[in-house]
Structure formats: C-alpha cells, structure tokens
Amino acid sequence: MIELGKKYQTRDGRAVRILCVDGAVPMRPVTGFIEGCSSVLTWAIDGYASTVGPAQDWDLVPVPTKHEGYAVIRDSKCEYGFYVFSTREVAAKYLHRCEPDLPEGRHIVPVTWES
C-alpha cells in the first residue's frame, strides 16, 4: 500500500513525487509526478500503473535503503556462521569473546546491502 510521506520510485528507477493517496479516481487514488514527465499520473493504492496485465516500468516501488555494517565470518569446529554488526568495534568484541585465539580483524569484513 502506497503511503504519503514515504519515498517511491518507478520500477525502472525514476524518481516519483507523490501528491496524494486519496485522489478523485476511485480505482487509482495515488496521484503524483514521475521525474522528467510534466503530466500528473495516477496509480492504484498498491502502486501498480495498470489494474490488468503484467508489471509495468512505471509501477511504484519503495526507494531502496542502503545499509552498511561489518560481517563476522566464523568457521570454528563447533559452529559456522555469518553475523553482521553496525560497527567494526562491536564485531571485534563479539569475535574476541567467541574465538579469542583468532588473529584480530582477520574474520571481519565490511558489507553493504539494500532493502
């Protein structure tokens, strides 16, 4: 469901400015502009540009949020795992507590992802 105040883009990556989610067209109450277009457009409340057929390039999707962290990779005799922490320091403390004999920082890698 499209919400006013959240950031959206088209499925093909163009910026969108949402004007309202309670517009005059009952089946297409979401109203806004696509970057580079001068026309006002409407979408269904779920963000689809069309109420029939396959997904379209101009369907609305949330703008991905980028995240950064530090992954601890463990492969000890008793446990395998991949853990992500917000800072290198927190990751190092966890790793030292769990496996104090490992060389410092060797199993900590920076990671980024979108959601």
Roughly how many nanometres apart are two label points built 7 Å out from the Cα toward the Cβ at Ser115 and Ser39? 3.7 nm
Computed lengthening from Ala24 to Phe82, 0.36 nm per intervening residue step minus Cα-Cα distance: 15.9 nm
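Treating only the Cβ of Lys, Arg, Asp and Glu as charged (+1, +1, -1, -1), what charge dipole size does the chain show about its Cα centre? Round to the nearest 20 debye. Write down the numbers at each step before the final one.
Numbers: 13 positive and 15 negative charges, 29 e Å.
Charge dipole, the chain, about its Cα centre: 140 debye, nearest 20.
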Mind sorting out which of (i) 38; (ii) 25; (iii) 52 is the real percent of Cα pairs over 22 Å apart computed from the coordinates? (iii)
Not counting the cut sites, what is the longest span of the chain without GluC sites (Glu not before Pro) that DSSP labels loop and that have at most 10 other Cβ atoms within 10 Å? 1-78
What number, rounded to the nearest 500 deg cm²/dmol, is the helix-based mean residue ellipticity at 222 nm of the chain, given -39500 (n - 2.57) per DSSP H run of at least four residues and division by all its residues? -3000 deg cm²/dmol
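Read-outs: derived from the displayed coordinates by stated rules, not from any lab. Please read all numbers here as calculations on a predicted model, not as lab measurements. So basically every Cβ, Gly included, is an ideal-geometry build from the backbone, and we count neighbours across all protein chains shown.
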